[in-house]
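Before any comments, here is the structure.
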Amino acid sequence: EILFSKDWTAWITYLLREDIDWIISGWILRFQNISNIPSEYIELVLNSILIQKEIERQTNWALIQHLKITDALNFDIPLIWDDKIKIITEKIQKSFEAKTKSKNLLEVAKKAVEIYIEKDEEKGFEFINNNV
């Protein structure tokens, strides 16, 4: 699913990488990608300066900036060669995998420091070796 903020914001798009069971604000569109275009690529394009300028044009910088749902769902997504879309999508996926891995490593490092302080150096290194 893709979340797209349509009111009062910088019109940010976020790709959900896991299922959620939330009630979403009326300011946010929640939609599923039914096309054969990878969701990562759609997220990238919707966050691009190209779409931001299109939204500015459509809202005409009104006092209360509001994008109609029909306008938000009718953006033209510029397509490039399939192999380039695949490369972009893979890089985005690798980036999120690296982010997840770095968060896990940071948690292991924090816990190892706690063990080092509370117990001893060997136990801290042992924890790192067992969890990396």
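The values are calculated or read from the model by the stated rules, or taken from the named source; none is laboratory data. Keep in mind the model is a prediction, meaning the values are calculated, not measured. Glycine gets a Cβ as well: all are built from the backbone with ideal geometry, and neighbour counts include every protein chain shown. To get the accessible areas, we keep the full protein, side chains included, count just its heavy atoms, and leave off ligands, DNA and RNA. Shrake-Rupley method; radii C 1.70, N 1.55, O 1.52, S 1.80 Å.
Ranked from largest to smallest solvent-accessible area, with a 1.4 Å probe on the protein heavy atoms, V45, V132 come out as V132, V45.
Do the alpha carbons of any pairs in K94/K123; K103/K123; K53/K91; K53/K86; K84/K111 sit beyond 29 Å of each other, and which pairs?
Working: K94/K123 32 Å; K103/K123 21 Å; K53/K91 25 Å; K53/K86 25 Å; K84/K111 41 Å.
Over 29 Å Cα-Cα: K94/K123; K84/K111.
E1 sits among other residues whose Cβ lies under 9 Å from its own Cβ, and their net charge, with Lys and Arg +1 and Asp and Glu -1, is 0. Sticking with the crude label model, points 7 Å out along Cα→Cβ, report the distance from F96 to D76 in nm, one decimal please. The modelled label-to-label distance comes out at 2.8 nm.
Heavy atoms only, 1.4 Å probe, whole protein assembly: order D82, D120 by accessible area, highest first. Show your work: numbers first, answer last.
On the way: D82 125, D120 70 Å².
So the residues, ranked largest to smallest area, are D82, D120.
Were the residues from Y14 through E121 laid out at 0.36 nm apart, the gain over their Cα-Cα distance would be 34.4 nm.
Rolling a 1.4 Å probe over the protein heavy atoms leaves S95 with an accessible area of roughly 70 Å². Listed values for the stretch 45-51 are Karplus-derived 3J(HN,Hα) couplings in whole Hz (6.51 cos²θ - 1.76 cosθ + 1.60, θ = phi - 60°), namely 5, 5, 8, 6, 4, 4, 6, and x replaces Gly and Pro.
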